[in-house]
Each structure stands twice: as structure tokens, then as C-alpha cells.
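The structure appears right after this line, and notes come after that.
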Ligand code: UDP
């Protein structure tokens, strides 16, 4: 499929114009960044894995009635998606306290929350994606009350679904980030799930060992990043039909190549 012009380049993905109006091609890169771009690296094979894992999760969400931007996966690194106007908010859903929450409020790492906690960050790299309140979102017209109620409801449904899905394969869903976008489908304005859901955007801990199977391996220099992402893909059953794909594409575990930029 022919790509149009580049619309946007982010830290881990590039968005190109799609073949038809209202579509785009989302390309997954191997680049990894953390701490607001202070730490940068390339993790060979990460884009391929995130493409497949995100496709799997978004397809499953579609099947339970949550509309997403994903139309279809095109190849190892690309997806055809609906072009949406991204709402500039990161919706963070937490089940267990870790990361910035523990630092900000001195909550012990690993505290199980009594119910899912939704936080909002304003998507702005220059400001370091600051935490904001619902009232900021409404005041600055990034979304209205009705939109926010709808999105909060989506966040909780997505969390319920993913908690069960990951629990079934021996993984705790600790927290994750979602993005939503506005789109007109058949003359109707809708808010749909956009971006990606992958070990780059979730914290995933093995149920038994609490081993981290997500981007914290990169953030905290824990090593074996690709092996962890592959483990998530393998447990999700993604490589069943093509069981040799991981070895062919990524080499044996010790062959993983992390290039510092
Ligand atoms: N997250 C993300 N992109 C961001 C910020 C956070 O995907 O720009 C995800 C992150 O991977 C984690 C969750 O959102 O699963 C909560 O992250 P947190 O607020 O604890 O931020 P961090 O500790 O990474 O700064």
C-alpha cells in the first residue's frame, strides 16, 4: 500500500497519509525514549512486536464494542488506521501504585488500589506532560463533561477487559495510558480509542515473580527488553501460527541489539 506524506513523527511511531481520505498509516519504529526524551535508544524488533500486540488488543476491544482507530494491520510495522483528531490528554489508568504516582505522593510501590484510578496528563512535551484535573480539561475546552464521562467509562471498560485478559496469561496489569481521538463516521461525530496499547504504554508484571515485562526494563536499565515484549506476545498467543517468527526476526535472546544513540 502506498504511503502518502508524513503527517507526524512521534517518539515511537510515524503517521503517514493513508490511501483514502480519513485514513492514515501508523508505522511502529524501534526507537525508545523515556523521561521526556532525556533517555533515547533503539531496541531492534520493538516496533514489530508493538504493532502485533497493539493489533491484538485493539481487535479484541473492537469485538467487545469499543470503537478504535484500527482498520487493519498492513505488514510487520504498519497499520491502516482512521485519521482522528487526537484529544491532547493522556488518560492513565492505574490498578497498582508505581512509577510517578508513588514518587509524587510517597505511596509505597506496589500498593494495590481499592478501585481503578484515572489520571489525566496534558500532552505537551515542552511542559513535560503535566498532571491536570478534570476541571482543566473542561475549562480549556479539550473535552466537555459529556465527552469526559464517555471516555472515563471507556477507560474502565478497557481496564476490566485487559485486567482479565492479562490475568489469564499470568500477568498483572499494573497501569497503562490511553489516547482518544475525534472522528466523523458516516456523518456522526464520535470519540474512539487511538494510538497504541503495548508494553511501551502499559506496566505488566508477571503474577508469580513480579518480573517486569514492559518499558520499565528500558527506563530502569533492566536489560532483556525484547525478550520481555516477546514473552507478552507469546503468552497472548500472537505467534501461534508463525511460531518461528520471533526467532527469525529477533534472533536468539543473547543476540539482542540495543544501540545507544
Ligand atoms: N505512560 C505512557 N506514556 C507517557 C506516560 C506514561 O505510555 O507519556 C504509561 C506508562 O508506561 C505507565 C503508565 O502510563 O504504564 C503510568 O505512567 P506514570 O504516570 O507512572 O509515568 P512514569 O512513571 O512512566 O513517568
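What follows draws every value from the coordinates through simple rules; no lab data is involved. Given the structure is predicted, the values throughout are model-derived calculations rather than measurements. We place every Cβ from the backbone using ideal geometry, glycine too, and count neighbours over all the protein chains shown.
Here are some notes:
- In the range 13-39, residue nearest to residue 127 (Cα to Cα) [restricted to those that are surrounded by fewer than 20 Cβ atoms within 10 Å (Cβ to Cβ), within 18 Å of the chain's Cα centre (by Cα) and within 16 Å of the ligand (Cβ to nearest atom)]: 36
- Within the range 123-137, the residues that satisfy the criterion of being exposed (fewer than 14 other Cβ atoms within 10 Å of the Cβ) and in contact (Cβ under 8 Å) with a residue 60 or more places away in the chain are 125, 128.
- Here is the figure for the range 49-98: residues that are outside any helix (DSSP H, G or I) and either within 16 Å of the ligand (Cβ to nearest atom) or in contact with a strand residue (DSSP E or B) (Cβ under 7 Å, 6 or more places away or on another chain) (or both) total 31.
- Residue within the range 105-112 that is away from the ligand (no atom under 12 Å from the Cβ), more than 19 Å from residue 198 (Cα to Cα), without any contact (Cβ under 8 Å) to a residue 12 or more places away in the chain and in contact with a helix residue (DSSP H, G or I) (Cβ under 8 Å, 6 or more places away or on another chain) present: yes
- Checklist (1) within 11 Å of the ligand (Cβ to nearest atom); (2) not in a strand (DSSP E or B) applied to residue 126, failing item: (1)
- Enumerated helices (runs of 4 or more DSSP H) restricted to the range 129-221, each holding at least 3 residues that are within 14 Å of the ligand (Cβ to nearest atom) and in contact with a strand residue (DSSP E or B) (Cβ under 7 Å, 6 or more places away or on another chain): 145-167, 216-219
- Residue 101 in contact with a strand residue (DSSP E or B) (Cβ under 9 Å, 6 or more places away or on another chain), more than 13 Å from the ligand (Cβ to nearest atom) and in contact (Cβ under 8 Å) with a residue 12 or more places away in the chain: no
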